[in-house]
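As structure tokens, the structure follows; a few thoughts come after it.
Every read-out reported here was derived from the displayed coordinates using simple, explicitly stated rules and does not represent laboratory data. Since the structure is predicted, the reported quantities are computational estimates derived from the model, not experimental observations. A quick note on method: Cβ atoms are made from the backbone with ideal geometry, for glycine too, and the neighbour counts reach across all protein chains shown.
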Amino acid sequence: MIVELIPEGNLGQAVVMAAAQIVVRDNNGTPICVAAVYGSDNTFKVSKAGDPDFNRTLRELGVHMTVVCHSLKLPGPQQGARLIAGPRAGE
């Protein structure tokens with residue numbers, strides 16, 4: 001797989017490299033997403049925090065950590081605000 005890393009703030013040139021596996025971590029070092037070339041036929045396995053099988057996928061890919069996700073109920077937008085991205089009503 002080809003991984004493209006774009007510097008923070010979109011400053012500088014992107015780093016593009018071939019990789020067999022990637023682990024994306026938050027600022028605390030907690031894995032939040034993994035992707036790997038998986039199996040003999042070059043299929044891909046991708047999982048993100050919150051997926052039901054995320055911790056199993058982490059272990060399968062050699063990342064021996066357990067990630068616990070909590071759902072937060074956030075307040076809605078202010079009156080008159082226009083959402084350009086985000087959850088749909090009722091989610």
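Please verify whether the range 6-19 includes one or more residues that are surrounded by fewer than 11 Cβ atoms within 10 Å (Cβ to Cβ), charged (D, E, K, R) and either in contact with a helix residue (DSSP H, G or I) (Cβ under 7 Å, 6 or more places away or on another chain) or touching a residue at least 12 places away in the same chain (Cβ under 8 Å) (or both). Taking every residue of the range 6-19 in turn, none turns out to be surrounded by fewer than 11 Cβ atoms within 10 Å (Cβ to Cβ), charged (D, E, K, R) and either in contact with a helix residue (DSSP H, G or I) (Cβ under 7 Å, 6 or more places away or on another chain) or touching a residue at least 12 places away in the same chain (Cβ under 8 Å) (or both). Within the range 4-57, the set of residues being among the acidic types (Asp, Glu) and more than 10 Å from the chain's Cα centre (by Cα) comprises Glu4, Glu8, Asp41, Asp51, Asp53.
Based on what the data block shows, is Glu60 exposed (fewer than 10 other Cβ atoms within 10 Å of the Cβ), among the charged types (D, E, K, R), out of contact with any His (no Cβ under 9 Å at 6 or more places or on another chain) and free of Cβ contacts under 8 Å to residues at least 60 places away in the same chain? Taking the combined requirement at face value, the residue does not satisfy it.
Considering the range 21-42, the residues that are among the small types (Gly, Ala, Ser) and loosely packed, with under 10 Cβ neighbours inside 10 Å include one that is farthest from Val63 (Cα to Cα), namely Ser40.
Conditions tested, residue by residue: (1) farther than 19 Å from Val3 by Cα; (2) touching a helix residue (DSSP H, G or I) at 6+ places or on another chain (Cβ under 8 Å); (3) not polar (S, T, N, Q).
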| site | (1), (2), (3) |
| --- | --- |
| Arg25 | no, no, yes |
| Asn28 | yes, no, no |
| Cys33 | no, no, yes |
| Ala36 | no, no, yes |
| Asn42 | no, no, no |
| Asp51 | yes, yes, yes |
| Val67 | yes, yes, yes |
| Pro77 | yes, no, yes |
| Ala81 | yes, no, yes |
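Among the residues of the range 18-25, is any assigned to a strand (DSSP E or B) and touching a Phe, Trp or Tyr at 6+ places or on another chain (Cβ under 6 Å)? No.
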